[in-house]
């Protein structure tokens, strides 16, 4: 199973020799370090803990320094595996692990947009723009609070305004379009979650 942590850069295009254009997302995946291993016998499941991006020791807790042999890493994530890994602590994972055409699953945090209305949050059409309507262009409309539904209460799960984005999003079925070992950049076909700089977990499907 292939895996690596990367930082989203931007979207761009790749041109094939026949002129076909492929929209891709560039992900900077600097070499990762294996800092922990979990197995089904001791922990109940198989996983590997990888880290990337070193930082000042003063920014890490004593527990982190003790767990990571005195080194402070900026980003740490756990990748669950279907079976026990053959790697050991201290091994390095690079973009060369992946090849063009690999099917991958990408997990990241989506863009946080704060408190938003139903039009932006759920794609509602809003109220009519004519026939005497006023100030209802982006309103939610009826929420079904009459006695005929849920006894006059608003049912749970009703789509309403609220905090939008900032959630963990997983996109499956993506394809590796190209890998550049010289710059540690992996190009993934299509869009992935998050803004520029978002930490992404890339795992082979």
Checking residue 151 against (1) free of Cβ contacts under 8 Å to residues at least 40 places away in the same chain; (2) touching a strand residue (DSSP E or B) at 6+ places or on another chain (Cβ under 9 Å): exactly one of these is not met. Which one?
(2)
All conditions in (1) closer than 30 Å to residue 9 by Cβ; (2) touching a helix residue (DSSP H, G or I) at 6+ places or on another chain (Cβ under 9 Å) are true of residue 75 except (2)
Residue satisfying all of: in region 6-27; surrounded by 18 or more Cβ atoms within 10 Å (Cβ to Cβ) and closer than 18 Å to residue 99 by Cβ; nearest to the chain's Cα centre (by Cα) among these
6
In region 148-164, what residues are surrounded by fewer than 17 Cβ atoms within 10 Å (Cβ to Cβ) and within 30 Å of residue 5 (Cα to Cα)?
163
Please report, ordered by residue number, the strands (runs of 3 or more DSSP E) entirely within region 100-181 with at least 3 residues that are farther than 30 Å from residue 204 by Cβ and modelled with pLDDT of 90 or more.
114-116, 162-164
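The values are calculated or read from the model by the stated rules, or taken from the named source; none is laboratory data. Nothing here was measured: the structure is a model prediction, and the numbers come from that model. Reconstructed Cβ throughout: ideal geometry from the backbone, glycine too, with neighbour counts over all protein chains shown.
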